[in-house]
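A short write-up of the structure that comes next.
The values are calculated or read from the model by the stated rules, or taken from the named source; none is laboratory data. Quick caveat: nothing in here was measured; it's all calculated off a predicted structure. Here the Cβ positions follow ideal geometry from the backbone for every residue, glycine too, while neighbour counts run over all protein chains shown. Note: accessible area is taken over every heavy atom of the protein model, side chains too, but ligands, DNA and RNA are not part of it. Shrake-Rupley method; radii C 1.70, N 1.55, O 1.52, S 1.80 Å.
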Amino acid sequence: MKKDLSLNDGTPTEGTTGSGTLGESLRSQGVSRRSFMKFCATTASMMALPPSMIPLIANALENAMRPSVIWLSFQECTGCTESLTRAHSPTVESLIFESISLDYHHTLQAASGEAAEAAREAAMEENFGNYLLVVDGSIPLDNPGYSTIAGISNLDMLTESAKGAAAIIAVGTCATYGGIPHANPNPTGAVSVKDIIKDKRIINVPGCPPIPVVITGVLAHYLTFGSIPELDHIGRPKAFYGQSIHDRCYRRPFYDKGQFAETFDDEGAKKGWCLFKLGCRGPTTYNACATTKWNNGTSFPIESGHPCLGCSEPDFWDGGGFYKALSMPTEDISKTAVYTVAGAAAAGAVIGALNRGKKSNSDKIHIKTTIDDLRK
Amino acid sequence: MSATLEKGINAFKRQIDSSVASFFSSCVHCGLCAEACLFYTETGDPKRTPINKTEPLRRIWKSEYTLFGRVGKMLGLTKKVDDKLLEEWQELVYDSCTLCGRCSMVCPVGNDIALMIRKTREGMAAAGQAPEGLIGATNRSVTIGSPMGVKWPALRAQIRHVEEDSGLKIPVDVEDVEYMLLLSSMEIMNFPEFIEAVAKIFDKAGVTWTISSEAFEATNSGIQIGVSDIAAELVQRIVDVADKLRVKTVISPECGHAYMAIRWDGPNLVGKPFNFKVRHILEVMDELRQQDRLKVATKESQKLTYHDPCQISRRGGVIDEPRRLIDMISDDFVEMPDGGKMNWCCGAGGGVSANERADEIRLKVFERKKAQLDEVKPDAIISACSNCRIHLEDGLEEYNMEIPLLSLTETIAEHLAED
Amino acid sequence: MTEIELLSWARGPGLQIATVIFVAGVVIRIFEIFMLGRKANLAEAKGGEMSGGLKTMITRTIPDRTTFKRSSVTIVSGYIFHIGLFIVCFLSAPHILFLKDIIGFGWPSLPTPVIDAFAVVTIIAMLATLVNRLTNKVMRYLTNFEDLLTWFITFLPLVTGYLAFHRIGMTAPTLLAVHILSVELLLIIFPFTKLMHAFTLFIARWYNGAISGYRGVAS
Amino acid sequence: MSERIVVDPITRIEGHLRVEAQMEGNQIVSAYSSGTMVRGIEVILKDRDPRDAWAFAQRICGVCTLVHGLASIRSVENALSYPVPKNADLIRNLMAGAQYIHDHVMHFYHLHALDWVDVVSALNADPKATSELAQSLSSYPKSSPGYFADMKKKLKGFVEAGQLGIFAKAYWGHPAYKLPPEANLMAVSHYLEALSWQRDVARLHTIFGGKNPHPNFVVGGVPCAIDLNSDSAINAKKLSQVQDIINQMKVFVEQVYVPDTLAIASFYKDWGSRGEGLGNFLTYGDFPSNGMDDPSGFMIPAGAILNRDLSTIHDVDMNAADEIQEYISHSWYDYKDGKDAGLHPYDGETDLNYTGPKPPYEHLDVEQSYSWMKSPRWKGHAMEVGPLARVLMLYANGHEQTKELVNMTLNTLDIPVEALFSTLGRTAARTLETKLFADAMQGWFDDLIVNVKAGDTRTFNEVLWEPSTWPKKAQGVGFMEAPRGGLAHWIVIEDKTIKNYQAVVPSTWNAGPRDSNGQPGAYEAALEDNHQLHDVNQPIEILRTIHSFDPCIACAVHLSDEDGEEIIKVKVR
């Protein structure tokens, strides 16, 4: 495998020899066997694998070249990248210095402009068929001018970059489902990666942003096993998106007991009662927030008193007001009902009058029945 | 103009009011009414389920008075009412229903099914689907003045007999009296003792009363066959006479549907409130009892039970009165199971007894009464409806039971205190 | 259409449509009934029409002794499923919130496991009513397509609600959407079927009680 | 020789930014800043529940991650005259303050540093000398020769492995890199330290807001309840975690960030005389001690400075129709009143109309529209916002600690006060205000503790929560000082839903294109100030000045319009 060693002017420098595999590279970077195994153990536990798998992971990692990763950002807010940097295990630095070769990433890479584009092109060429493509942000289809990088439309850059990708990871709700740009009325015609790329394996890692360790965990899975984890029906790894937040929520017993916070500062809010009434989307949201929690297990939205917004679900932006309980109508039904009653009362009066007319007509045309009328 | 389907359908349309509409809207086909109807319980034939008997009326309601039904009718989707249907239903509406109203008491959604069947008869009759027996009876009522063909001379003869037997004067066509007594042809022909009993009681109580030679017949075939026009005509005869004699109260005799006809349907049939009150003879006696004007000296020694005539108790509201009266003359009174407002019908009311075609079924369903009687095993049965009384006698005979039947009025009269 | 879109449709436009049909249908039906009118009773009263009517509206809830004996299966299964339906509909927290959003006030809910238990009992009772309907001679005779349709459409929200609560078979948003849609189906057919009895039975009972009460009989 | 050079993508920023520079020889004579991505969030916000708006607005940017949420919440509260409890203001200050510290440090090390620090040069560093250098600058414990030797080994291994990843194709070895290898090694080490440090301190947001990025807010207060006796609310344990984080922040800022800035700056003093740009500075004011309605209690005062004149601070009225206006003469938008109109945000419009070249393209037509950013102006002036504006405003207001810090910096670097108005000054100002905030955090935290001790645990005011309590029409502005500068959201509420929503964000002020009078925006003006490129193919000089603003472009182009009517019509809602 050819390596891109070009520094400032594309000429090779020293260091082209030796350390070919990841294991060698790790050791040459001063990573001890011990801390390497620790990383493998962490990876294993992240993916809920038995300890017996650790040597396998180690072996897989040790003998691998750091795979090339190209990270494209389209209509995004960089929250997903920020989230990536918050991952505590595996950390972003352990990933980019030890496990992957992050050859293109706007927010993190040193090179800009032409040099940046050259880095992307070089990585695509050298690792054709083998690189991992990560995408955050949606892609506008209404007009290519709605989002360009280096003068290239997002659509062109995605289709071009996807060609040689071994697999694609769509990170964040924008890349997986269109996200906020896709929200009603979708002013730019934004779509997700899977709306465009049909011939590649796509792992969806939704969330706004996804949980930091979920991003790195999915990458770690792919890197370790070279395969795509088991996905649910909308392409999400089951290991992280297999359970609803509600089912794993530590406040679930309060839901079952019927104890609810009615506002953000009442007794229930203080005692950690269920936030269903405040609009919590936990019951319809599949994500790992309630189990892995956020930012090194510090907390997660529900623990900090705010109902789940449902950000890992498609179209959660248009799923009705965030503070309307899931069972509530999203539109004003009482108004509709009142207008309908008024309208229907008028209609009912007309129909009722018709019936009445029919009935009084039957009285009118009735001819007194006499005894002679009883036989046919 | 003779009866036609068109006329019948028009009659159905006339009968549907808000109550009927609410009833049909509410039916959930739970079938509970079947278990309340002796025509079902004793035959086990589900088509005799009370609500099913209203099918022709329901179809008209649906297709004429509901939005969905109207649309369905336009599209030709609703079930039609035709001669075939009515013919098929005749047996259910007339032969298999005594309008006893027990179903109306159990319907969980509150449907007054008896009322609905009564209304169904209006359409049936107008469409020429009334049974021959009832037509005959009605014909006699209108033309002769009594369903059994009893005319004034016959009654006059009976009155004479009573006067002779009792030594009491039976007032006829007296004006400005308190009470005017009506009689059923059944009483005139089969139970003249009733006239004598009333005469005795009134004599002791010292009330003024009379019988009219022009309008003495209490029964009303128009009600039973379901022709309001005829029923109104029959009621009007009584109203005219009562007004002419300026009586204060008209007394309905021991006859269930007669009481219904004059007391509850009467004013509505003629379209205006009466100038006089209408009371059942039991009510009158109970009133006298309250006023201490009705006293008995002796009591019955046998075990008595009371058969509530449907139209008097459940449908008429005279439930406690007979029990208070029986209390005067008996220390050994026993209620039949379901006695009172939930009592089972004898099986012959509502024109069934006038409908020869129904003879077989009416005796069949008597098994229900038999079961009730088997449970209490009375020495004698008291009732207050001569129609019930005749049918009970028929039934007891059919099932080889020997229990005497007493009229409450007559029994009271027997035990009257001699001052 | 994605799951959340389906759910949003069910909670939004779907519910609007169902509400309009339901409300309009019920109002029109009520107008149809009352505007037919009823003649005043000219006979001298022996009891109260109003008091009799009101009384029967309540007392008719209790079956007569003999009737109960004769039709205990129908009555017991009917009772359980009506009570269960009531509890599941009106005492479960999500449903109370739904109603609160519409009518502006709510009331305390029952614990979820209790609701869940009632749902199971209600489902069983409804199955029993179906079996009864198909085996009981009278009911089988009376049963028409509408009876089966309304049974099914009433049964659906129960089952979909149960599945949604336990997340069986599909994802939660889909299950919830299906549950809401099944309720909307119920709302839509409600005014045009015997389901109307939920409202009209009070009218019917009032008339029944009024007719009897006027004659001095407590019906 | 006249050449147009293009830098696209500008990396190590948030969002999609393109710069085109017109060269004369190696001198930039005119520069054009273009935001190349648009999403239309302002359009998306229309007709929604104002209480939901924060979540949408927050997604304008995931780097500033909470500022738009907060600005949005404040706009609704301002429109409804909705008072929030004292604790909520304190928690919001703590969260926003933490955002500054977190964001500025990350910007310095991960986004900006590589403009000044040559990673490859670090391979030549002597760990021992590096250790001596580090220890001469601060008492930060991780400064032993062994530590730096490890770092060097790690870096060496990485480079020798041959896969440079994010460091590939950069301008390593460019003569503009002036740090000695030891300084480079120290900076690279701190690059990694900062990565791990930021992960820890971001947890302050998680404690109060449940997650980071994009922590949660709520109109009327904060979502987290305080109850010392509950295991599911802000309790003593969580408060002590917050204290730990504040300590951690303080240590890193004082012992690493400030010394590093000064040390690196000392090698780049020439950058104290270029990259000034406009000389006009604007702040909205923020960090209330007495609620948002009392500007006298703001830690950062509001005001405008024109032409470097620190002696005159002009008042700023956020609601005045003729003060803050947005222009679209060179932006891909339409206004009903034509391309040259300026609209106050209450009347703002967001009507997308892309008229640029069809991608793929080489150059933009800078005579016409060339950016998805609008051009905001204050009373017609192009203004710079951000750390430099704030530090100048504090300095001009005689804020003691600021004066001390600024003077210390000028003395340490031995540069004149004019050097503040430069690329160097801008980067230094960011570091200095981080120190201010690190200190202020403790004050807010102490106030919070005092309040809770006194029994006041209120965090949410429910009185105006129900939309039924709202007036039929209301409008308001929610402003704040975001890390990158003054940020404000204007909201118009009608019938309980959003009628119009406009955000004018720091990067629109700084990165916006020319206005109808041809006045350049702050980036453009700064690049036109004394920039010579050593090598037009490696325009590192452009990156240095652009990065000194800490670009955040998704914010700036957020925003698409509502020319309202037409777009609204096709809405299905």
How many residues, within region B:158-172, are under 18 Å from residue B:185 (Cα atoms) and either of a type in the set (Lys, Arg) or open to solvent by 60 Å² or more (accessible area, probe 1.4 Å) (or both)?
2
Can you name every residue in region D:130-144 that is surrounded by 17 or more Cβ atoms within 10 Å (Cβ to Cβ) and of a type outside the set (Phe, Trp, Tyr)?
D:130, D:131, D:133, D:134, D:137, D:138, D:143
Note on region D:47-83: residues surrounded by 24 or more Cβ atoms within 10 Å (Cβ to Cβ), assigned to a loop (DSSP other than H, G, I, E, B) and not hydroxyl-bearing (Ser, Thr, Tyr) are D:59, D:60, D:61, D:62, D:63, D:64, D:66
Which of the following residues is open to solvent by 20 Å² or more (accessible area, probe 1.4 Å), under 21 Å from the mean Cα position of the chain (by Cα) and under 30 Å from residue A:257 (Cβ atoms): A:292, A:330?
A:292
Take the residues of region D:155-181 that are among the aromatic types (Phe, Trp, Tyr) and within 16 Å of residue A:100 (Cβ to Cβ): which is surrounded by the most Cβ atoms within 10 Å (Cβ to Cβ)?
D:158
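One line per residue, one yes/no per condition, for (1) part of a loop (DSSP other than H, G, I, E, B); (2) touching a Cys at 6+ places or on another chain (Cβ under 9 Å):
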| residue | (1), (2) |
| --- | --- |
| B:169 | yes, no |
| B:176 | yes, no |
| B:186 | no, yes |
| B:219 | yes, yes |
Of everything in region A:236-256, what is assigned to a loop (DSSP other than H, G, I, E, B), at pLDDT 95 or above and either within 12 Å of chain C (Cβ to nearest Cβ) or touching a strand residue (DSSP E or B) at 6+ places or on another chain (Cβ under 9 Å) (or both)? Give them in sequence order.
A:236, A:249, A:251
Unique residue being without any contact (Cβ under 8 Å) to a residue 60 or more places away in the chain, among the hydroxyl-bearing types (Ser, Thr, Tyr) and surrounded by 22 or more Cβ atoms within 10 Å (Cβ to Cβ) when the list is D:423, D:402, D:427
D:402
Enumeration of residues in region C:1-29 that are more than 7 Å from chain A (Cβ to nearest Cβ), closer than 23 Å to residue B:66 by Cβ and among the aliphatic types (A, V, I, L, M):
C:17, C:18, C:21, C:26
Scope region D:386-399; condition more than 14 Å from residue D:302 (Cβ to Cβ) and open to solvent by 10 Å² or more (accessible area, probe 1.4 Å); matching residues:
D:395, D:398
Among the residues of region D:216-241, which ones are at negative phi and either away from chain A (no Cβ under 11 Å) or among the small types (Gly, Ala, Ser) (or both)?
D:225, D:230, D:232, D:233, D:236, D:237, D:239, D:240
Hey, which of the helices (runs of 4 or more DSSP H) in region B:10-81, taking only ones fully inside, have at least 2 residues that are more than 10 Å from chain C (Cβ to nearest Cβ)?
B:38-41, B:55-65, B:67-74
Residue hits (region B:276-333; outside any loop (DSSP other than H, G, I, E, B), among the polar types (S, T, N, Q) and free of Cβ contacts under 8 Å to residues at least 40 places away in the same chain) are B:290, B:330
Residue D:86 fails exactly one of (1) touching a residue at least 12 places away in the same chain (Cβ under 8 Å); (2) surrounded by fewer than 24 Cβ atoms within 10 Å (Cβ to Cβ); (3) within 12 Å of chain A (Cβ to nearest Cβ); (4) more than 22 Å from the chain's Cα centre (by Cα), namely (3)
Does region B:252-272 contain any residue that is over 23 Å from residue A:373 (Cβ atoms), more than 21 Å from the chain's Cα centre (by Cα) and not in a helix (DSSP H, G or I)?
yes
Kindly check whether there is at least one residue in region B:144-157 that is under 18 Å from the mean Cα position of the chain (by Cα), closer than 30 Å to residue B:83 by Cβ and open to solvent by 10 Å² or more (accessible area, probe 1.4 Å).
yes
Select the helices (runs of 4 or more DSSP H) contained entirely in region C:106-219, then report the ones holding at least 3 residues which are within 14 Å of chain B (Cβ to nearest Cβ).
C:112-135, C:137-142, C:145-166, C:197-214
Would you mention how many residues in region D:461-485 are among the acidic types (Asp, Glu), within 33 Å of the chain's Cα centre (by Cα) and more than 14 Å from residue D:68 (Cβ to Cβ)?
1
So residue A:107 passes all but one of these: (1) under 16 Å from the mean Cα position of the chain (by Cα); (2) assigned to a loop (DSSP other than H, G, I, E, B). Which condition number does it fail?
(1)
Would you check which residues across region B:164-212 are touching a Leu at 6+ places or on another chain (Cβ under 6 Å) and acidic (Asp, Glu) and list them?
B:175, B:203
Under the condition of being of a type in the set (Phe, Trp, Tyr) and modelled with pLDDT of 95 or more, which residue from region C:31-78 is farthest from residue B:104 (Cα to Cα)?
C:31
If you go through region D:211-245, how many residues are assigned to a loop (DSSP other than H, G, I, E, B), over 30 Å from residue D:166 (Cβ atoms) and of a type outside the set (A, V, I, L, M)?
11
Quick one: residue C:92 ticks every box in (1) closer than 18 Å to residue C:163 by Cα; (2) open to solvent by 20 Å² or more (accessible area, probe 1.4 Å); (3) within 14 Å of chain A (Cβ to nearest Cβ) except a single one, so which number is it?
(2)
Could you say which residue among A:269, A:190, A:261 is within 11 Å of another protein chain (Cβ to nearest Cβ), among the small types (Gly, Ala, Ser) and closer than 30 Å to residue D:353 by Cα?
A:190
